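Structure first, then comments.
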Amino acid sequence: VYPTQEVDTLGENTSGEDREDKGKDPREERGLMVALVAAAYVVWTMDKVNMSIAVLPMAAQFHWDAAEVGIIQSALFWGYAATTVLGGFLATRFGGKRVLLAAVLLWSAMTVVAPFAASISTECFIASRVLVGIGEGLAPAAGINIVANWVPEAERSRAIATLGSGKNSGSILGLLIAPVVITSVGWPAMFYSFGILGLVWAAVWAVFGKDYVADDGLSAAASESSAAGGREEATTEEEAPIPWKQILSSAPLWGVIVAHFCHDWGMYALLTWTPTYLNQSLGFDLQGSSEITVIPSVLAIATALLAGTVADRLRDEGWELTAVRKTMQSLAFAVPALCLGLVGALGSLPEAESPSRIVPIVLLTLGIAGGSFSLAGLYSSHADLSTKYSGIVNGVSTTFGALAGVCSNAYAGQVLARGDSWAQ
């Protein structure tokens, strides 16, 4: 059910090649925009993974059981799911720059106030995490909107892979920095420092960030729409009605949605629970758990860049776009499924034996890294379906991915609370 045609199915596409021919999209400026959005994704993921480390000392201090930890870990995804479509709508109407700026400001401010919220009550802390999720839910659609309008289709897989590498870099930095800060000055300082970093990025973005605007003053998508339709007077994006019925009834989009839900079910659970698994099941301390969790993220960066490069190379060699996306996404499902299945099968091995610690770590590393093939699969499909409405398409799809994060994290907490094994 992925799209079989070579053009977008949900609205006017924007030809990056045409933009380059007209000199409207300088490579240097395009690269700067992708780099800045990738930097936002670094901060975005740091503020996701920070809780996976902070939850260990916080659970001990506030006496949270596994079920409560599961609810707290899933709280961010509640807010995340609530605003992904809104982020797409706002990015389509007002441009990705302003939406991304507002998103980072919101989640960074809520990260700074998290310790104060936790000191009041668990409920207040959960509310602060929901607000972090609301801010983070606006980000992916805004980022995709910026990339879709700046980057031509021939380079898009690599651009999306760069954003994915930003997310993986955020995991690495978060997992390395968080335990050092926590053990040195306490878990509240971790929230303060991570939140301030986001505010610094917002200041840089406010100065250098921009939406793509053609020489005629319209967005790239609007300019292309005008040219394709042969209208003498172009209709701006703000005035054009969004084809919600066509978007929500698109079979290719629902294919991407199913893939997104299935992918994020496992990936978000691994993102939040892997340090706890290493601590409770394999016996590593806080620092050791964080350092080991970094390894999959390092390999995931290389995998993401490889996937993007291979995908664009296959396109250059004449592969249909659909075939490239399906191949990449199939790898993103098959590799983690095999590796996690083997981790579960090894769950009965004695924890004291060295192989029982090394083998699961290797399998987790390969499984998490293998999921990065999705950056040249489902995550690139949003812009393929529609450049003009890429933010909305991404928002609809990401909503279901966020719901998967809510369900998988809550489910994991309930499984552990009732005494089942990590293999379960």
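The values are calculated or read from the model by the stated rules, or taken from the named source; none is laboratory data. All values reported here derive from a predicted model rather than from experimental measurement. FYI the Cβ positions are ideal-geometry reconstructions off the backbone, even for glycines, and counts take in every protein chain you see.
The table that follows gives values for the structure above.
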item	result
Residues being in contact with a helix residue (DSSP H, G or I) (Cβ under 7 Å, 6 or more places away or on another chain) and surrounded by fewer than 23 Cβ atoms within 10 Å (Cβ to Cβ) - total across region 311-323	4
PHE89 being closer than 27 Å to TYR277 by Cβ and either in contact (Cβ under 8 Å) with a residue 24 or more places away in the chain or of a type in the set (Gly, Ala, Ser) (or both)	no
Answer from SER390, SER374, SER386, SER381 - the residue that is buried (at least 24 other Cβ atoms within 10 Å of the Cβ), hydroxyl-bearing (Ser, Thr, Tyr) and at pLDDT 90 or above	SER374
Residue identified as free of Cβ contacts under 8 Å to residues at least 40 places away in the same chain, under 18 Å from ILE182 (Cα atoms) and not basic (Lys, Arg) among ALA59, ALA118, ALA114, ALA54	ALA59
Helices (runs of 4 or more DSSP H) completely within region 187-301 that count 2 or more residues being touching a helix residue (DSSP H, G or I) at 6+ places or on another chain (Cβ under 9 Å) and either under 29 Å from MET51 (Cα atoms) or modelled with pLDDT of 80 or more (or both)	187-208, 244-248, 251-280
VAL104 vs. criteria within 21 Å of VAL37 (Cα to Cα) and either out of contact with any Ser or Thr (no Cβ under 7 Å at 6 or more places or on another chain) or surrounded by fewer than 19 Cβ atoms within 10 Å (Cβ to Cβ) (or both)	yes
Top-ranked residue of region 25-67 - restricted to ones that are acidic (Asp, Glu) and buried (at least 17 other Cβ atoms within 10 Å of the Cβ), ranked as nearest to ASN409 (Cα to Cα)	ASP47
Some residue of region 309-322 being among the hydroxyl-bearing types (Ser, Thr, Tyr), more than 29 Å from ASP47 (Cα to Cα), touching a Phe, Trp or Tyr at 6+ places or on another chain (Cβ under 9 Å) and in a helix (DSSP H, G or I)	yes
Complete set of residues in region 280-292 that are closer than 14 Å to PRO360 by Cα and surrounded by 19 or more Cβ atoms within 10 Å (Cβ to Cβ)	PHE284, SER289, ILE292
Filter pass, LYS167 being charged (D, E, K, R) and either closer than 20 Å to LEU286 by Cβ or within 17 Å of the chain's Cα centre (by Cα) (or both)	yes
Residues that are over 14 Å from TRP78 (Cβ atoms) and either crowded, with 24+ Cβ neighbours inside 10 Å or in contact with a strand residue (DSSP E or B) (Cβ under 9 Å, 6 or more places away or on another chain) (or both), drawn from region 109-146	THR111, ALA114, LEU138, ALA139, PRO140, ALA141, ALA142, GLY143, ILE144, ASN145, ILE146
Hits in region 390-423 (condition: among the hydrophobic types (A, V, I, L, M, F, W, C) and over 17 Å from TRP273 (Cβ atoms))	ILE392, VAL393, VAL396, PHE400, LEU403
All positions within region 91-106 that are over 17 Å from the mean Cα position of the chain (by Cα) and of a type in the set (Val, Ile, Thr)	THR92
